[in-house]
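Data first, discussion second: the structure below is written as structure tokens.
The values are calculated or read from the model by the stated rules, or taken from the named source; none is laboratory data. Every value quoted in this text rests on a predicted model; they were computed, and no experiment measured them. All Cβ positions, even for glycine, are placed from backbone atoms using ideal geometry, and neighbour counts span all protein chains on display. What goes into the accessible areas is simple: the full protein's heavy atoms, side chains included, and nothing from ligands, DNA or RNA. Shrake-Rupley method; radii C 1.70, N 1.55, O 1.52, S 1.80 Å.
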Amino acid sequence: MAVSGRFALLVALGVVPVVAAGLGDAGAAWLALVAWLGLALVAGIVDLSLAASPRRVILERGLPDRVRLGETVTAELALQHTGPRMLRATVRDGWEPSAGVAGPNRTRLRIPPGERRRMTLQLTPWRRGDRRVEHVTIRSAGPLGLWSQQATLAAPGRIRVLPPFRSRAHLPSRLTRLRELDGRTPLLIRGQGTEFDSIREYVRGDDIRSIDWRATARHANLEVPGSARLMVRTWRPERDRRIVIVADTSRTAAARIADEPRLDTAWESTLLLSALASHAGDRIDFLAWDRRVRGRVHGASGAELLARLVDTMAGIEAELIEADWAAVPGHIRRTTSRRALVVLLTAADSPGSARSLLTVLPQLTARHLVVVASVADPDVVAASRERSSLDDAYRAAAAERSLLDADRVAAAIRRLGALTVSAPPQDLPPALADLYLELKAAGRL
């Protein structure tokens, strides 16, 4: 049961008869007070008895399965009234705060017996993962609106909030560069990571080592002396290469850089690189790791690849534990026995946090081409340049120390045979994609 503001106002109006009766006799004032309170209670009880039962309502939800982070969707809730009386209800849908309900989530409805009404809410989730709702609270008022019956009914629902993939804005330009590499601009020199593309006529400037003498002989017209045309072979970057992406989900991934967790930047980089490499015909495997496998995508391609990636990433949050890099080479060996491009998305800005990573890099670089991608903090760079006051000078010294540590870690990674790429959160996904294209063009994959 719930008491409304109307009932409080009704009780407050009793001041008028109590004061009027008390002008002549104090006893009459008490009698008027008791009579007024009794009248208000009787009115409330009668109103409550005439209210429709909120438990005679059947609930049905209409929710989208998935939504990208930051997008707005409509959540529908249908209420079917099976009771014999008019239902005058205030309905509250119990979404968790991170679902991002726009405006008040209380809706007033009038539902005649046997009829059905639908209410809608606009949701703009601001956290990844499964945003859930378990209950709906219905407050049914009587004709006078004094007292209400209230019930909380189970009506479970779920929306999976996927990573936003904002870096897909960089995909068209990288695909254009990829098409220039893949067949439209064939390479003239064969090397590791290239495969045969086609045979064409020799032009001045071509490497004479690319001349195909058998093709030249086939194209020669034996009846016309001197008509032979030199033919050369062209090559293109090899397809069907293996790419293994390992995202660090340990405590370092929880740090916020430029108001974005490192983990979210890792997701953006993974999605852009996967979309690009999938168009190039390469095969992508993904592993989210700290001390255990938090998520894995293996054997997917095409549109299924991105769908499985975002679905796997949606529910993963950073764990406040240290990463166990010693187990990563074993997982990569179980993923592929071929030489692959291994991309490690982790923090590489502190010798202390990178020590375990440096110990396993020789095992990886011995068999694979390894890239270590990390997020650079633009605030640290800006602090190192601001020295207008004594406090700023101390802050700049600390920032310089941090930048020097990051450079030392990057130099150690390169000495162990791996490549490094470091950029602010908005620039890391396209920077990693550009490095992939450079390796593809050089035939190093």
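Summary of computed values
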item: Order by protection proxy (mean Cβ within 10 Å, highest first), peptides 341-347, 102-108; result: 341-347, 102-108
item: Under Karplus coefficients 6.51, -1.76 and 1.60, residue-wise ³J(HN,Hα) of region 266-271 in Hz, glycine/proline x; result: 4, 5, 4, 5, 5, 5
item: Amide hydrogen neighbours beyond the local backbone of D290, cut-off 5 Å, H modeled; result: T249
item: Residue of E268, E76, E201 that the Gaussian network model of the chain assigns the largest fluctuation, springs spanning Cα pairs under 10 Å; result: E201
item: Max mean-square fluctuation residue, GNM over the chain, Cα-Cα springs under 10 Å, options L178, L79, L39; result: L39
item: Overall Cα dimensions of the chain, principal axis frame, Å, largest first; result: 134, 69, 41
item: Cα gyration tensor shape for region 252-370, rounded if a/c is under 1.5, else prolate or oblate; result: oblate
item: Accessible area in square angstrom per residue, region 251-340, 1.4 angstrom probe; result: 40
item: Region 72-162: projected area of the alpha-carbon convex hull, averaged over directions, in nm²; result: 6.0
item: Surface per residue (accessible, 1.4 Å probe) for region 9-58, Å²; result: 63
item: For region 240-306 and region 106-139, distance of Cα centres in Å; result: 35
item: Accessible area in square angstrom per residue, region 92-147, 1.4 angstrom probe; result: 53
item: Among L435, L37, L419, residue whose mean-square fluctuation peaks in a GNM of the chain (springs only between Cα atoms under 10 Å); result: L37
item: Apportionment of accessible area to carbon and sulfur, the chain, percent (1.4 Å); result: 54
item: L230 long-range amide H proximity, modeled H, under 5 Å; result: Y202
item: Area of E317 that stays accessible when all protein chains are in place (1.4 Å probe, Å², to 10); result: 70
